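K.L.:
Sharing a structure here in structure tokens format.
Laboratory data are not the source of any read-out in this text; all were calculated from the coordinates shown. What you see is a predicted model, and the numbers here were worked out from it, not measured in a lab. Methodologically, a virtual Cβ is constructed for each residue, glycine included, from the backbone with ideal geometry; neighbour enumeration extends over all protein chains shown.
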Amino acid sequence: MIRRLLIFIVWIYFSVLLIGPMAYLCVQAFGEGLSVFWREVTRPEALHGFWLTAEITLIVLFVNLVFGTITALVLIRQRFWGQTFLSGLIDLPFSVSPVITGFMLILLFGPGTILGTWFGAMDIKILYALPAMVLVTVFVTFPFVVRELTPILMAIGTESEEAARTLGANEWQIFLRVTLPAIRWGMVYGATLTIARAIGEFGAVLVVSGNILQLTQTATLHIYQSYVDFNYVGAYAVAAILLAVSFVILMILELVKARSSTVGETSLRMVNS
Amino acid sequence: MKIEVRGLSKWFGSVQAVSDVSFTVQAGELLGLLGPSGSGKTTVLRMIAGLESPSSGDIFIDQVRVNDLSVQQRNIGFVFQHYALFKHMTVFENVAFGLSIRKTAKSDISARVTELLQLMGLPGLGDRYPHQLSGGQRQRVAIARALAPRPTVLLLDEPFGAVDAQVRQELREWLIRLHDELAVTSLFVTHDQEEAMEVSNRLIVFSKGRLEQIGLPAEVYEDPATEFVARFIGSMNIVEAEVKGGVAHVRDLEFPAPDFPDGHLVRIGFRPYYIKLSEDPRHFRQRARLRHVYFLGIAYRLEIETETGLILRSRMNKEEFRQRRFEVGQPVSYAITHFRILPQQHSPALPAVRVPESPLTP
């Protein structure tokens with residue numbers, strides 16, 4: 001009896017929170033017909049938004065994979081002054097509101113500041129342009145790759161890398177042939193989370209982008225703008241597309257989890273067990 | 001190839017892990033480094049490999065000083081305690097790793113790996129992944145991987161530490177045969193004295209970063225150079241006695257100690273099988289009570305409490321024990337047939353002294 005009640009509660013919870021809103025969004029997006037949906041998602045503003053979001057996501061993904069992996073390797077494998085301090089900072093982006101992140105960047109690169117003046121003199125636009133939007137998105141997604149990799153690196157230890165060294169491999173060969181294959185699924189997992197978050201980022205990007213039409217308007221900003229302008233179908237249609245992308249990412253995550261736990265490699269689930 | 005270590009020391013911060021160790025491993029020898037955990041033996045092995053750099057001292061492999069050579073340049077084979085196999089590679093790829101790093105031709109790699117898998121008793125397992133193998137098989141893959149690039153020396157860190165007791169025995173015998181066949185100079189670390197005795201040609205006993213003794217297993221067992229070795233290798237009764245008039249006294253026991261001045265405290269050691277026991281309380285001169293009997297499989301250990309309250313361990317083989325009638329709690333008589341005055345810290349070993357074995361009657 002209680003068991004059934006609990007199952008019922010879980011179903012209601014999921015329906016109210018997830019299934020209902022998503023279904024309603026899809027109904028609304030296609031509510032005025034497929035042609036209207038198509039018109040809305042192929043508008044120049046919408047297409048530009050998708051393109052800009054993709055651009056930012058790809059750059060952020062690259063930066064996070066490279067620097068996230070380096071950060072995780074250094075924090076786990078090296079001993080240096082200030083290490084504990086830096087390790088403690090990794091999760092900071094999760095606890096800082098994205099809006100605050102955006103404001104920090106404005107304070108740093110604003111017209112009156114040293115950096116702002118310098119970049120201004122060099123004629124490089126940071127604020128209200130792609131660089132600032134990439135910077136804030138890197139900031140909010142920074143922990144994903146690092147957090148995935150640190151437990152894996154701790155679990156695999158250094159013995160197999162030492163073994164490779166005794167077999168004659170140099171540091172680069174060791175990284176490519178021993179370390180990288182051992183952490184690759186963690187990297188994929190961290191990358192997927194980074195992509196999902198980068199596509200969905202709104203607050204921080206809104207603050208630093210200026211939301212300039214067809215210039216600094218990402219897909220999420222476009223949804224917001226359409227909604228404010230009473231173009232509800234436009235907002236729902238673009239939102240439905242982003243929702244579909246998130247769904248695909250979720251599928252990929254599940255595949256990665258299944259893969260990493262069946263191959264017998266040290267990653268994700270094995271780290272927890 | 002010969003390995004020579006001279007005055008090797010290693011500090012980790014303010015802790016000295018290895019202090020002033022010197023020894024030579026002869027070409028083709030299988031030498032065991034034995035000591036309790038934390039005695040610095042693994043650090044010595046890692047310094048020879050180049051995985052740690054010594055704080056002072058020199059390492060020579062084949063007459064060449066290798067201190068300034070990187071791990072990669074030393075051409076050693078290293079076998080790790082927990083195998084350290086590459087999990088994402090097949091057995092074949094694992095064994096081939098060192099050869100493919102050296103840009104060996106594909107056909108040569110294939111021939112060498114096949115030969116090694118055959119030699120290791122792992123034919124046909126080349127396509128398996130490490131997680132599909134048993135512990136003993138993994139360790140043999142690790143050894144094959146280390147041997148593949150034909151290293152000048154083979155270093156093994158607790159090679160059988162991570163496998164079951166049953167498999168360990170098998171692997172030991174297998175390693176001895178393998179070494180006979182390949183004759184590659186090998187140095188292995190273990191904390192298991194039985195394993196060290198069985199596998200090594202010669203062995204080195206370590207304690208607290210110091211070399212306590214180096215010698216043949218029988219020498220180390222029969223002639224322990226220090227009290228630590230006496231305690232660590234095999235079982236030994238050890239009592240402290242005071243010298244008076246050339247005789248060391250403890251309770252009612254007396255041991256001739258002519259070379260020591262009056263008032264000197266010496267430690268006397270005797271192996272359990274050097275205590276003869278009789279169920280007849282008048283057969284030997286010393287009296288005791290039988291406290292416990294422990295069955296050891298091939299022998300019995302008998303624990304006695306002497307009239308003056310000393311607790312000593314004796315050992316008797318199974319056949320003898322079964323012919324006699326010992327009951328726990330009964331009075332017995334005993335005699336110590338051999339003893340040794342244990343050397344003070346790092347003084348030269350003193351020869352064992354044999355006490356006349358004939359029953360002494362009062």
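K.L.:
Could you give the dipole magnitude of segment A:20-272 about its Cα centre, charging the beta-carbon of Lys and Arg +1 and that of Asp and Glu -1, in debye to the nearest 20?
P.N.:
Values: 13 positive and 15 negative charges, 72 e Å.
Magnitude of the dipole: close to 340 debye.
K.L.:
Further, regarding this structure: Considering amide H positions built from the backbone, and no H for Pro or chain starts, which residues 5 or more places from residue B:11, or on another chain, come under 5 Å of its amide H?
P.N.:
Result for residue B:11 returns B:17, B:55.
K.L.:
On average over all directions, what projected area in square nanometres does segment A:62-129 have, based on the convex hull of its Cα atoms? Walk me through the intermediate numbers first.
P.N.:
Values: hull surface 25.6 nm².
Taking the Cα atoms of segment A:62-129, their convex hull projects to 6.4 nm² on average.
K.L.:
Let me ask another. Given chain B, report the % of alpha carbon pairs whose separation exceeds 30 Å.
P.N.:
Working: 32677 of 65341 pairs.
The answer is 50 percent, as a whole percent.
K.L.:
If you add up the charges near residue A:234, with Lys and Arg at +1 and Asp and Glu at -1, over every other residue whose beta carbon is less than 11 angstrom from its beta carbon, what do you get?
P.N.:
Working: positive: A:39, A:43; negative: A:32, A:40, A:45, A:229.
That works out to -2.
K.L.:
Under a 10 Å cutoff between Cα atoms, tell me which one of A:97, A:246, A:209 has the largest fluctuation in the Gaussian network model of chain A.
P.N.:
Taking springs between Cα atoms under 10 Å, the residue moving most is A:97.
K.L.:
Also, quick follow-up: Which of rounded, prolate or oblate describes segment A:20-272 when judged by the alpha-carbon gyration tensor and an a/c cut-off of 1.5? Before the final figure, lay out the partial values.
P.N.:
On the way: a/c = 2.63, a/b = 1.45, b/c = 1.81.
Since a/c reaches 1.5 but b/c is at least a/b, the shape of segment A:20-272 is classed as oblate.
K.L.:
How large is ³J(HN,Hα), in whole Hz, for each residue of segment B:195-211 in order, when computed from phi with the Karplus curve 6.51 cos²θ - 1.76 cosθ + 1.60 and θ = phi - 60°, using x for Gly and Pro?
P.N.:
4, 4, 5, 6, 8, 6, 6, 10, 9, 10, 9, 10, 8, 6, x, 10, 7
K.L.:
What is the dipole size for the protein assembly as shown, taken about its Cα centre, with +1 at each Lys and Arg Cβ and -1 at each Asp and Glu Cβ, in debye to the nearest 20?
P.N.:
The dipole of the protein assembly as shown has a size of about 640 debye.
K.L.:
Still on this structure, please answer the following. Taking neighbour counts of Cβ atoms within 10 Å as a proxy for exposure, in what order, fewest first, do A:11, A:185 appear? Write out the running numbers ahead of the final one.
P.N.:
Numbers: A:11 11, A:185 22.
With the sparsest Cβ surroundings first, the list reads A:11, A:185.
K.L.:
Then there is this: DSSP H helices in chain A with Cα extent of 20 Å or more along the helix axis and mean Kyte-Doolittle hydropathy at least -1.0? Don't skip to the end; give the middle numbers.
P.N.:
Working: long enough: A:44-77 (49 Å, 1.50); A:130-156 (38 Å, 1.86); A:180-200 (30 Å, 0.90); A:232-262 (45 Å, 1.65).
Flagged H segments are A:44-77, A:130-156, A:180-200, A:232-262.
K.L.:
Just want the answer: with Cβ charges of +1 for Lys and Arg and -1 for Asp and Glu, which residue in B:159, B:110, B:67 is farthest toward the dipole's positive end in chain B?
P.N.:
B:110
K.L.:
So what is log10(I(q)/I(0)) for segment A:129-273 at q = 0.16 1/Å, when the Debye sum runs over its Cα atoms only?
P.N.:
Debye intensities relative to I(0), on a log10 scale: -0.91.
K.L.:
Express in whole angstrom the spacing between the alpha-carbon centres of segment A:63-96 and segment B:272-349.
P.N.:
63
K.L.:
If you consider only alpha-carbon coordinates, what radius of gyration and Dmax does segment B:1-152 have, in Å?
P.N.:
17.1, 51
K.L.:
Return an integer: the convex hull volume of the alpha-carbon atoms of segment B:170-304, in Å³ per residue.
P.N.:
Details: hull volume 21.6 nm³, N = 135.
In segment B:170-304, the Cα convex hull volume per residue is 160 Å³.
K.L.:
In debye, nearest 20: dipole of chain B around its Cα centre with unit charges on the Cβ of K, R (+) and D, E (-)? Walk me through the numbers on the way to the answer.
P.N.:
Working: 43 positive and 42 negative charges, 115 e Å.
That gives a dipole near 560 debye.
K.L.:
Please report the net charge: other residues with Cβ closer than 13 Å to the Cβ of residue A:158, K and R +1, D and E -1.
P.N.:
Numbers: positive: A:77, A:79, A:165, B:46; negative: A:159, A:161, A:162, A:171, B:52.
Spelling it out: positives minus negatives among the neighbours equals -1.
K.L.:
What ratio of Cα Rg to 2.2 N^0.38 Å holds for the protein assembly as shown? Intermediate values should be presented prior to the final figure.
P.N.:
Values: Rg = 36.3 Å, N = 635, 2.2 N^0.38 = 25.6 Å.
Compactness ratio reported: 1.42.
K.L.:
Please name whichever of A:97, B:274, A:61 sits farthest to the positive end of the charge dipole of the protein assembly as shown, dipole taken about the Cα centre and charges placed at Cβ: Lys and Arg +1, Asp and Glu -1.
P.N.:
About the Cα centre, the residue reaching furthest to the positive side is B:274.
K.L.:
Can you tell me what share of the DSSP beta bridges in chain B is antiparallel? A percent to the nearest 5 is fine. If you can, show how the numbers build up before the last one.
P.N.:
Numbers: 59 of 77 bridges.
Of the beta bridges lying entirely in chain B, close to 75 percent run antiparallel.
K.L.:
If you only keep lysine pairs separated by 8 or more in sequence, or across chains, how many in the protein assembly as shown come under 19 Å at the Cα atoms?
P.N.:
On the way: A:257/B:87; B:2/B:41; B:10/B:41; B:10/B:208; B:41/B:208; B:276/B:318.
Taking the Cα cut-off of 19 Å, the pair count is 6.
K.L.:
What does the structure give for A:154-166 when I average, per residue, the other chain Cβ atoms found within 10 Å of the residue Cβ? Don't jump to the answer; show the numbers that get you there.
P.N.:
Working: counts 0, 0, 2, 3, 2, 8, 10, 2, 7, 13, 7, 7, 19.
Mean number of neighbouring Cβ atoms from other chains: 6.
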